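The block underneath contains the structure these notes are about, expressed in structure tokens.
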Amino acid sequence: MDRLGSFSSDPSDKPPCRGCSSYLMEPYIKCAECGPPPFFLCLQCFTRGFEYKKHQSDHTYEIMTSDFPVLDPSWTAQEEMALLEAVMDCGFGNWQDVANQMCTKTKEECEKHYMKHFINNPLFASTLLNLKQAEEGKTADTAIPFHSADDPPRPTFDSLLSRDMAGYMPARADFIEEFDNYAEWDLRDIDFVEDDSDILHALKMAVVDIYHSRLKERQRRKKIIRDHGLINLRKFQLMERRYPKEVQDLYETMRRFARIVGPVEHDKFIESHALEFELRREIKRLQEYRTAGITNFCSARTYDHLKKTREEERLKRTMLSEVLQYIQDSSACQQWLRRQADIDSGLSPSVPMASNSGRRSAPPLNLTGLPGTEKLNEKEKELCQMVRLVPGAYLEYKSALLNECNKQGGLRLAQARALIKIDVNKTRKIYDFLIREGYITKA
């Protein structure tokens, strides 16, 4: 008895013939009564009646071949697999390269067959539709365009909302002050008269053309603001804050390209990177579980609980060391107790730790609105607040220390003090901070 079967088209994926040890070429024979492992024979050995150990020549067998149609009567299963492998190797759309790799079909046949059976196949239509609807639902509320047909807000002049909207008047769908607001002034004294010379007439026409280009730029900027929903600034900022900090930084960097790709495409790009960030974070978490030997989510929950407990204990030990360090200073103890109360109540500690010098410490520096603040990370902001150093000066000192460290291969505190002509205590704090954060190394 015989049956028709199939197997991989790559000879290296199959074991050799048990009779002559040659690579099996389709069609070949598989014994249905032997195995495992499967017992394969080429046609030559099968016709000779090859027998080996338990295998007998009268055993039932299967003819292994991929020379039968699957999706199209003119395409064999072997050609179907070769097409998929060629598309994977050459890339979708490179049909000439796909046809050259297949050797049995033309460029047009490959493209038509692939589009018909693997792209536009009704079997996949419902799945593709669900994916499309899910994608549309995800990006439906990302852009916030302002339509003039809506009933717009009417803030009073010079109110907070009016300033947030940059003087936009929704009822007129226009701004109080336009971009390039004084562009019309260049035309106020121009008058075309009949006795103008050709050169003067050409100059006046050039001024008019320049004015038209400035009007086009004004309209282009208005369109960008409306298309991207920038008029409703608060809602736009709230939408940005729902992303993690890393995605917010990407949003800030890619904002200048939003005017090129359009609002929907820009939001899709940001959403895709937000999804990528979430996936990377989840992969990192799963890798941490794998490293810890965790194989199920029940154990993972226990691991997370114990990890949180360990972090809390470590934080308590750190605070205890601070108490021991400042135990001689009563004011420092009071500050630590207030800081501990803030942490226990879920607030960020607002009281700085005092030194044991007996002097009253100055309040932290307020960095709001200072130039260069946006270039600092959270730890650098905290350092500038504690040492009362403006961000611009800190960035200059940091750059000077980094350059000197790169030149010397390391940096000592005495060298840092020679480079930075400020209070030696502030220099030490900046030097220790850069060492601790890994910006520079000790010589």
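Give the residue that is surrounded by the fewest Cβ atoms within 10 Å (Cβ to Cβ), with candidates limited to residues of the range 103-124 that are outside any helix (DSSP H, G or I) and in contact (Cβ under 8 Å) with a residue 12 or more places away in the chain.
The extreme case among them is 104.
Quick grid of which residues meet (1) surrounded by 13 or more Cβ atoms within 10 Å (Cβ to Cβ); (2) at pLDDT below 80:
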position: 1; (1), (2): no, yes
position: 9; (1), (2): yes, yes
position: 31; (1), (2): yes, no
position: 38; (1), (2): yes, no
position: 41; (1), (2): yes, no
position: 59; (1), (2): yes, no
position: 66; (1), (2): yes, yes
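Considering only the range 259-275, how many residues are under 14 Å from the mean Cα position of the chain (by Cα) and open to solvent by less than 70 Å² (accessible area, probe 1.4 Å)?
Of the residues in that region, 7 qualify.
Only one of (1) assigned by the TED database to the domain that holds residue 19; (2) open to solvent by 70 Å² or more (accessible area, probe 1.4 Å) is not met by residue 100, so which one is it?
Residue 100 satisfies every listed condition except (1).
Since residue 92 meets every condition but one in (1) within 26 Å of residue 114 (Cβ to Cβ); (2) of a type outside the set (S, T, N, Q); (3) open to solvent by less than 80 Å² (accessible area, probe 1.4 Å); (4) in a loop (DSSP other than H, G, I, E, B), which condition does it not meet?
Unmet condition: (3).
When only residues in the range 11-29 that are part of a loop (DSSP other than H, G, I, E, B) and under 50 Å from the mean Cα position of the chain (by Cα) count, which is modelled with the lowest pLDDT?
14
Checking residue 251 against (1) open to solvent by 50 Å² or more (accessible area, probe 1.4 Å); (2) modelled with pLDDT under 80, which test does it fail?
Status for residue 251: all satisfied but (1).
Report, ordered by the first and then the second residue, all pairs with beta carbons closer than 6 Å, sequence separation of six or more or different chains, a first member in the range 288-303 that is without any contact (Cβ under 8 Å) to a residue 12 or more places away in the chain, and a second member that is outside any helix (DSSP H, G or I) and not aromatic (Phe, Trp, Tyr).
300/294
May I ask you to verify whether residue 383 is surrounded by 12 or more Cβ atoms within 10 Å (Cβ to Cβ), modelled with pLDDT under 85, under 28 Å from residue 249 (Cβ atoms) and not assigned by the TED database to the domain that holds residue 245?
Answer is no for this residue.
Quick check: anything in the range 171-189 part of a helix (DSSP H, G or I), under 28 Å from residue 156 (Cα atoms), free of Cβ contacts under 8 Å to residues at least 40 places away in the same chain and open to solvent by 50 Å² or more (accessible area, probe 1.4 Å)?
Within the range 171-189 (the criterion being part of a helix (DSSP H, G or I), under 28 Å from residue 156 (Cα atoms), free of Cβ contacts under 8 Å to residues at least 40 places away in the same chain and open to solvent by 50 Å² or more (accessible area, probe 1.4 Å)), the answer is yes, since at least one residue qualifies.
Considering the range 30-62 alone, what residues qualify as being assigned to a strand (DSSP E or B) and either in contact (Cβ under 8 Å) with a residue 60 or more places away in the chain or within 24 Å of residue 78 (Cβ to Cβ) (or both)?
30, 31, 40, 41, 61, 62
Would you call residue 393 at pLDDT below 70 and either of a type in the set (A, V, I, L, M, F, W, C) or open to solvent by 70 Å² or more (accessible area, probe 1.4 Å) (or both)?
Spelling it out, it is not the case that residue 393 is at pLDDT below 70 and either of a type in the set (A, V, I, L, M, F, W, C) or open to solvent by 70 Å² or more (accessible area, probe 1.4 Å) (or both).
The values are calculated or read from the model by the stated rules, or taken from the named source; none is laboratory data. Keep in mind the model is a prediction, meaning the values are calculated, not measured. Heads up, the Cβs are rebuilt from the backbone with ideal geometry, glycines too, and the neighbour counts pull from every protein chain shown. To get the accessible areas, we keep the full protein, side chains included, count just its heavy atoms, and leave off ligands, DNA and RNA. Shrake-Rupley method; radii C 1.70, N 1.55, O 1.52, S 1.80 Å.
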